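For reference, the structure is listed below as structure tokens.
The values are calculated or read from the model by the stated rules, or taken from the named source; none is laboratory data. Values in this document were obtained by computation on a predicted structure and should not be read as measured data. Because the Cβ atoms are built from the backbone with ideal geometry, glycine has one as well, and the counts that use them run over all protein chains shown.
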Amino acid sequence: DWRMAGHRGALIVLEGADRAGKSTQARRLVEALRNQGYQAEGMRFPERTTEIGRLVGSYLEKKSNIEDHTVHLLFSANRWEHVPLIKEKLKSGITLVVDRYAFSGVAFTSSKENFSLHWCKQPDVGLPKPDLVVFLNITPEEASKRGDYGTERYETSDFQKKVQKRYAELMDDKSLNWKVVDAAQSMEDVHNAIKQLSEAIITEARHQPVGKLWA
Ligand code: NYM
Ligand code: MG
């Protein structure tokens, strides 16, 4: 069966501002793909359980302060430390559904004063390139209807508006397979849209080598 061993899995990333529904949709996608007979696993960044991840987690929870450039590099290092695992999984035929990736790294840091998009991208150059980046698009107004933001760093509507603009700039890069999904639709409709995009890319990616991001 074409879903079985011998082909690599696809690298699928979900991006979007806070409250767009990424984590819920990532979970549902993994579940749906498995039900269709694909091998699929979830992954998220930041992955707060490693040593680097704990530093980042405590920064986000405002339990520590880390200089802005430094924390940007730690977010990136948290992805790089997972690259051997990512490559291994893809090679063994597992499709990875990743909740945030380098695009979050760039969109968030470059929303701070005096950080260029160019500088922010550099540490992540060469990471495994996603076969598909789904952008869950939600306006700040719709996001605010979903209740208050949390209390972590960056969770204010002013900052989130800047983040949205940076994502828009990143989506101008046509070397990446960006797909925008309207996240204001029902959870079911969003899920079906993502599932359809994902199944198509799994078929397309299986005979192609994994690319290098921004390289
Ligand atoms: N974030 C996430 C960054 O600032 N840089 C990064 O590289 C990544 C992956 O962390 N507000 C920010 C975006 C989020 C926060 O994400 C934590 P989550 O998905 O709520 O755990
Ligand atoms: Mg969050």
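Computed values, structure above
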read-out	value
The range 1-57 - residue that is assigned to a helix (DSSP H, G or I) and among the acidic types (Asp, Glu) and, of those, surrounded by the most Cβ atoms within 10 Å (Cβ to Cβ)	31
Close pairs from the range 142-166: first on the phi > 0 side of the Ramachandran plot, partner within 13 Å of ligand 1 (Cβ to nearest atom) and hydrophobic (A, V, I, L, M, F, W, C), Cβ under 9 Å, at least 6 apart	154/60; 154/108; 154/163
Long-range neighbours under 6 Å by Cβ, at least six apart or interchain, first residue touching a residue at least 60 places away in the same chain (Cβ under 8 Å) within the range 102-114, second away from ligand 2 (no atom under 15 Å from the Cβ) and basic (Lys, Arg)	106/121; 107/166
Cross-chain or 6+ apart pairs with Cβ under 7 Å, the range 36-65 first and hydroxyl-bearing (Ser, Thr, Tyr), then in a helix (DSSP H, G or I)	38/202; 50/78; 59/71; 64/58
Helices (runs of 4 or more DSSP H) completely within the range 105-215 that count 1 or more residues being surrounded by fewer than 19 Cβ atoms within 10 Å (Cβ to Cβ), away from ligand 1 (no atom under 16 Å from the Cβ) and under 18 Å from the mean Cα position of the chain (by Cα)	157-170, 187-205
Count - residues of the range 16-39 that are at pLDDT below 95 and in contact with a His (Cβ under 8 Å, 6 or more places away or on another chain)	0
